[in-house]
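Below is one structure, written out as structure tokens; the observations come after it.
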Amino acid sequence: MSTEPPPGSGQQPPEDDPFRKQPPQPPPYGGGDPYGGGSYPTDPLAGMPPLADSGRRTLARIIDLILVGIIVWLLTWAFGVHEYDVGSNGASYAKSLGQSLIAAVLYIGYDTVMMAKSGQTLGKKWLGLRVANLDNGSTPSVQTNLIRAAVLWIPFAFCCACIWTAICGGWSFFDKPYKQGLHDKAAKTVVVSTR
């Protein structure tokens, strides 16, 4: 298994990167499969920090929702965009689409930019969590973070915010063995503890 970032990421993690996956250590009994089958099967998580608790992941997401939600609210208020305008002539959905578009762009941009730097949003940083590539433990590329954010935030902004967030993020409470949300599965990432 390579410790290099996935092809096309355009970046090489430095040798002293503290988040880079460490090579797996041989078993204490001398190596090899204990049942005589040749090589020992490798675990994608070998050498990575422990997986993050789903409760802490949820709390980090709530913190990020509040932080970006305040900015979305301020921008939509400044531009006079409201969720729905219902008057005697019917309901206006154009402004609702505008608010959804602003929310989607800001949430996707926030997640993508913040996590491309260190694998952490502010909520994750404050709670000692980070996103890592499942295959090598490195910080995900911009493309990987964009996929992860799009799967989470596009349905959130345009369709069913509460339901989709509960399904997508709540998936990590039941997923075995990697505790991945649906957005993690789409991007092939995991969330690990940094503490």
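The values are calculated or read from the model by the stated rules, or taken from the named source; none is laboratory data. What you are looking at is a predicted structure, and each value in this text was computed from that prediction instead of being measured. For neighbour counting, all protein chains shown are included, and Cβ atoms are generated from backbone atoms with ideal geometry for every residue, glycine included. Quick note on the areas: whole protein, heavy atoms, side chains included, nothing else; ligands and nucleic acids left out. Shrake-Rupley method; radii C 1.70, N 1.55, O 1.52, S 1.80 Å.
Some notes on this structure:
- Residue within region 137-150 that is touching a Cys at 6+ places or on another chain (Cβ under 9 Å) and open to solvent by 30 Å² or more (accessible area, probe 1.4 Å) present: no
- Only a single item in (1) of a type in the set (S, T, N, Q); (2) open to solvent by 50 Å² or more (accessible area, probe 1.4 Å); (3) under 20 Å from S54 (Cα atoms) is not met by N133, and it is number (2).
- Cross-chain or 6+ apart pairs with Cβ under 6 Å, region 177-192 first and among the aromatic types (F, W, Y), then modelled with pLDDT of 90 or more and surrounded by 20 or more Cβ atoms within 10 Å (Cβ to Cβ): Y178/V190
- All of (1) modelled with pLDDT of 85 or more; (2) open to solvent by 10 Å² or more (accessible area, probe 1.4 Å) hold for L97 with one exception: (1).
- Cβ-Cβ under 8 Å pairs, at least 6 apart or on other chains, region 46-64 side more than 18 Å from L152 (Cα to Cα), far side open to solvent by less than 40 Å² (accessible area, probe 1.4 Å) and in a loop (DSSP other than H, G, I, E, B): A46/K21; G47/K21; G47/G137; M48/K21; M48/G137; L51/L45
- Tally, over region 47-78, of residues that are outside any loop (DSSP other than H, G, I, E, B) and open to solvent by 70 Å² or more (accessible area, probe 1.4 Å): 10
- Tally, over region 171-185, of residues that are over 16 Å from N136 (Cα atoms) and open to solvent by 10 Å² or more (accessible area, probe 1.4 Å): 8
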